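Enquirer: Quick one: this structure, given as structure tokens, is what I'll be asking you about.
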Amino acid sequence: MHFKKTYLATSLLLSIQVALGSHALSAHPASRSPSFAPGVPQSGPAGSQGKAAQKHLLTTPLQRGTAWTADGPNPNISNFGALVADVGDLNGDGFDDVGIGAYLQDDPVGSVTLAGAVHIYNGSPAGLEPTPSRVVFSDSPADKFGKSFASAEDVNGDGFDDLIVGEPEHLYTRGRAQLFLGSAQGIGSSPDWIFSPGQYGSEFGSTVSGAGDVNGDGYDDVIIGAPHHQVSVPDEGAVFLFLGSAAGLGASADWVSASQQDTSQYGSSISSAGDVNGDGFDDIVIGAPYYDDQDLNNGRIFLYLGSPSGPGSAADWTSPRAPRNSFHGFPVSGAGDVNGDGYDDILVGNFFPSNRPFEFGSAFAYYGSPTGLPNKADWRVQSNLLYSLFGLAVSDAGDLDGDGYDDVIIGAPAAAPRLPRETHMYIFRGSATGLELEAADERTRPNLCYSYGLTVSGAGDVNGDGLADVLVGQRTNPAQGYAYHGSGH
């Protein structure tokens, strides 16, 4: 299953100050303590993956070089490249399209200052086209339109994927979301649906995601996060589900979920989880990074299973208790099916590890099964680089090498092993035993503002070669988006 979604940095990141250290990556089963031995496979349940890593030693899942680069307008002002995402096939031509956000861009036509924008680039047999086919703007200034956006998949069943865009600071942080329907011409310049719950300070639209089809009615659904929304207690956060139909999305939410714990910021990260238990209904995963679980800011992840009536009122699974100040649950992502067992998996970043913030970032995977997700992570990879922010961005990558197993992508926007402020993204391959122990590929760029790898995403298949592709954003010096094609080996 291919996911269309987005993961973004919230205001939590604006105050990050990073320093540099020595570099290495070490992956190990989550059941063991970090050894920090660079590149040494660990023993235990995942130890057999070392053979798979050795098999791929001379191959990489991505083609060499950068397949495509997009330059943003006013590169140091618009925040072009702050978010990148696969937006599905908006025009039905058989090639996936991508979006790049620029949430501080002015609208030169509508004369709206800081309108915010999403740039859409169409796929083609040659890959992504050099210029955007459409740039959509907000009609209101300084709302941070495009700080979140994602494929809504096909909410009205017309055969064209649709686009959902968040606008979290609309009307003094009440927030709103806008839906643009796909067509043979792609999306239009005006939204086909707009919604806001109207609560001051809610920041509705901070996160948006396609949810898949959670009730099995044949129409794809959408989830929207409001991490400061109050249902029962202040700043608990909430997530709103809108079900698709032949008429599109409805005028009110079909399901609203909240953490019932103040200041937990539930909904700071959201994603389709795919179908983790194989029951034929898509599931959703929600992060609450400030959730207190017997300690301060442990963070928690909530999984809701789909059903004929959609998700229930109570979570069907929550993550094991994380250490103090882990902020577990930011970010979260569907991972696809990394071990080919027919059950979808999830991926979690943890760039605030334990109570030692900014030191060693990590990422976790939980594998699906007939009973859902396990009580302990199946895989963990940890950076040996101090202050790398490894795990700040995570995403499914799709199957980059055509081996039948989905792969994942992890950003480390402050990693600097060779050059001052060199930043990274890493690819980890799937295999019959799950994600491999070693990064199969990495891409770097020298960057003075720690932004390459701040956002990463699968790109779908932009050139129709049957292999998945990936996207990486860089919002400063210069502001750009990059695509890399799957290699098939």
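Enquirer: Can you pull out the residues in segment 442-474 that are open to solvent by 50 Å² or more (accessible area, probe 1.4 Å), on the phi < 0 side of the Ramachandran plot, part of a loop (DSSP other than H, G, I, E, B) and modelled with pLDDT of 90 or more?
Expert: Hit for segment 442-474 is ASP465, nothing else.
Enquirer: Counting only residues that are part of a strand (DSSP E or B) and over 17 Å from ILE301 (Cβ atoms), how many does segment 242-284 have?
Expert: 3
Enquirer: Something else: Out of the residues in segment 247-288 that are hydrophobic (A, V, I, L, M, F, W, C) and under 20 Å from TRP193 (Cβ atoms), which is surrounded by the fewest Cβ atoms within 10 Å (Cβ to Cβ)?
Expert: ALA251
Enquirer: Can you name the condition, by its number, that GLN230 falls short on among (1) in contact with an Asp or Glu (Cβ under 8 Å, 6 or more places away or on another chain); (2) at pLDDT 95 or above; (3) crowded, with 18+ Cβ neighbours inside 10 Å?
Expert: Status for GLN230: all satisfied but (3).
Enquirer: So PHE390 passes all but one of these: (1) open to solvent by 10 Å² or more (accessible area, probe 1.4 Å); (2) aromatic (Phe, Trp, Tyr); (3) out of contact with any Lys or Arg (no Cβ under 7 Å at 6 or more places or on another chain). Which condition number does it fail?
Expert: Going through (1) open to solvent by 10 Å² or more (accessible area, probe 1.4 Å); (2) aromatic (Phe, Trp, Tyr); (3) out of contact with any Lys or Arg (no Cβ under 7 Å at 6 or more places or on another chain) one by one, PHE390 breaks only (1).
Enquirer: Enumerate the pairs (first residue in segment 71-95 and within 19 Å of PRO413 (Cβ to Cβ) and of a type in the set (A, V, I, L, M, F, W, C); second residue anywhere and open to solvent by 50 Å² or more (accessible area, probe 1.4 Å) and at pLDDT below 95) with beta-carbon separation below 6 Å, excluding pairs fewer than 6 apart on the same chain, so at least 6 apart or on different chains.
Expert: Short answer, once both residue conditions are applied: ALA82/ARG475.
Enquirer: Output the residues belonging to segment 233-258 that are at pLDDT 95 or above and not hydrophobic (A, V, I, L, M, F, W, C).
Expert: Within segment 233-258, GLU236, GLY237, GLY244, SER245, GLY248, GLY250, SER252, ASP254, SER257 meet the criteria.
The values are calculated or read from the model by the stated rules, or taken from the named source; none is laboratory data. Remember, predicted model here, so these are calculated numbers, not experimental data. So basically every Cβ, Gly included, is an ideal-geometry build from the backbone, and we count neighbours across all protein chains shown. The accessibility values were calculated without ligands, DNA or RNA, using every heavy atom of the protein model including side chains. Shrake-Rupley method; radii C 1.70, N 1.55, O 1.52, S 1.80 Å.
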